[in-house]
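The values are calculated or read from the model by the stated rules, or taken from the named source; none is laboratory data. This one's a predicted model, so the numbers in the text were calculated from it and none came from an experiment. Here Cβ is always computed from backbone atoms with ideal geometry, including for glycine, and neighbour counts include all displayed protein chains.
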Amino acid sequence: MNTDGEVPTTFWVTVQFQKDGPRVKGQWTKYETADQKYLGFVGDYGSRPGTTVSLIEEIPDGECRVRRTWPENQARSMSAP
């Protein structure tokens, strides 16, 4: 909860090294920070075959929206992190 009493939006970055494999994830309340982490993970791991990196926005009511995915041709739907 922030100082205004509101629950902030959460941004998740997930890295998955193989389909249906475990995910590594982190969360941030600032989009800019999460986007920097996303870009870093794409740079570090994006060339590995089968790796998926996603930036997901979770709003306070629990709804999730995929903001960015690498590789870009991946499906745009994803379950909550």
Only residues that are at pLDDT 95 or above and assigned to a loop (DSSP other than H, G, I, E, B): list them for the range 66-80, please.
none
Residues of the range 24-58 classified as charged (D, E, K, R) and over 15 Å from TRP70 (Cα atoms), total
4
Is one or more of the residues making up the range 40-50 out of contact with any Ser or Thr (no Cβ under 8 Å at 6 or more places or on another chain), crowded, with 16+ Cβ neighbours inside 10 Å, modelled with pLDDT of 95 or more and not in a strand (DSSP E or B)?
yes
